[in-house]
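Structure record follows, encoded as structure tokens.
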Amino acid sequence: CLRRVLFERYKLFEHCFAVKRYLLLGQGDFHACLMDLAGEDLAEPASNVSAYKLSGTLESAIRASNAQYDESDVLDRLRVKMMPAAGADEVGWDVFSLEYQTSAPLTTVFTPDAMGKYLRVFTFLWRLKRVEHALCATWQTMKPNVTAALARDGVARAAG
């Protein structure tokens with residue numbers, strides 16, 4: 001009976017799946033879109049980054065990705081969280097994170113300690129995704145030069 005209430009009335013499964021998609025980077029198109037839209041803002045010094053502006057960017061990323069098809073209750077729980085800057089040389093990328101807010105009785109499953117661990121995992125995965133994003137952007141910039149150089153040298157098919 002308790003299980004039925006948690007899963008049917010409070011939609012525990014949907015919230016677990018949302019944590020996976022948004023905090024564990026399972027919704028790839030959403031995170032790629034978020035990085036594209038927020039990249040310039042996050043490149044600023046951390047002290048200049050506006051959580052309010054990034055919240056608008058979060059909404060834009062939701063509307064531009066498949067996340068738009070999630071239930072509004074799930075999307076309304078997703079928030080931008082700015083971590084305190086540890087040093088003056090940190091940029092927005094270093095302090096940006098997402099959080100998923102829950103309310104009772106879901107807080108018995110998603111405890112503050114558990115959500116803190118999700119935050120740490122998100123931060124680690126976000127940094128890895130940022131590196132991947134930067135590498136892809138660099139490749140897109142360099143690919144025409146590499147293709148031209150290979151074509152000049154007679155090995156154009158290898159540039160794929």
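The values are calculated or read from the model by the stated rules, or taken from the named source; none is laboratory data. No experiment lies behind these values; they were computed from the predicted model shown. Cβ placement follows ideal geometry from the backbone for every residue including glycine, while neighbour counts extend to all protein chains displayed. Calculation scope for accessible area: heavy atoms of the full protein, side chains included, ligands and nucleic acids excluded. Shrake-Rupley method; radii C 1.70, N 1.55, O 1.52, S 1.80 Å.
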*Filter the stretch 29-50 down to residues that are surrounded by 13 or more Cβ atoms within 10 Å (Cβ to Cβ) and small (Gly, Ala, Ser) and give me whichever is farthest from Glu90 (Cα to Cα).*
Ala32
*Which is part of a loop (DSSP other than H, G, I, E, B), at negative phi and either open to solvent by 70 Å² or more (accessible area, probe 1.4 Å) or not polar (S, T, N, Q) (or both), of Gly56, Gly26?*
Gly26
*Could you list all residues from the stretch 62-92 that are hydroxyl-bearing (Ser, Thr, Tyr) and within 23 Å of Leu106 (Cβ to Cβ)?*
Tyr69, Ser72
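If you scan the stretch 99-117, which residues turn out to be under 21 Å from Val80 (Cβ atoms) and open to solvent by less than 70 Å² (accessible area, probe 1.4 Å)?
From the stretch 99-117, those under 21 Å from Val80 (Cβ atoms) are 99-103, 106-107, 110, 112, 114-117; that's our starting set.
Selection gives Glu99, Tyr100, Thr102, Ser103, Leu106, Thr107, Phe110, Ala114, Met115, Gly116.
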*All but one of (1) out of contact with any strand residue (DSSP E or B) (no Cβ under 9 Å at 6 or more places or on another chain); (2) assigned to a loop (DSSP other than H, G, I, E, B); (3) hydrophobic (A, V, I, L, M, F, W, C) hold for Met142; which doesn't?*
(2)
*Could you please tell me which pairs satisfy a Cβ distance under 7 Å, a separation of 6+ or placement on different chains, a first residue in the stretch 70-96 that is farther than 15 Å from Lys53 by Cα, and a second residue that is open to solvent by less than 70 Å² (accessible area, probe 1.4 Å) and of a type in the set (Val, Ile, Thr)?*
Leu75/Ile62; Arg77/Thr102; Met83/Val95; Ala85/Val95
*Applying the selection to the stretch 61-98, what residues are open to solvent by 40 Å² or more (accessible area, probe 1.4 Å) and part of a strand (DSSP E or B)?*
Arg79, Lys81, Met82
*Can we say Tyr10 is of a type in the set (Phe, Trp, Tyr), in contact (Cβ under 8 Å) with a residue 60 or more places away in the chain and open to solvent by 60 Å² or more (accessible area, probe 1.4 Å)?*
yes
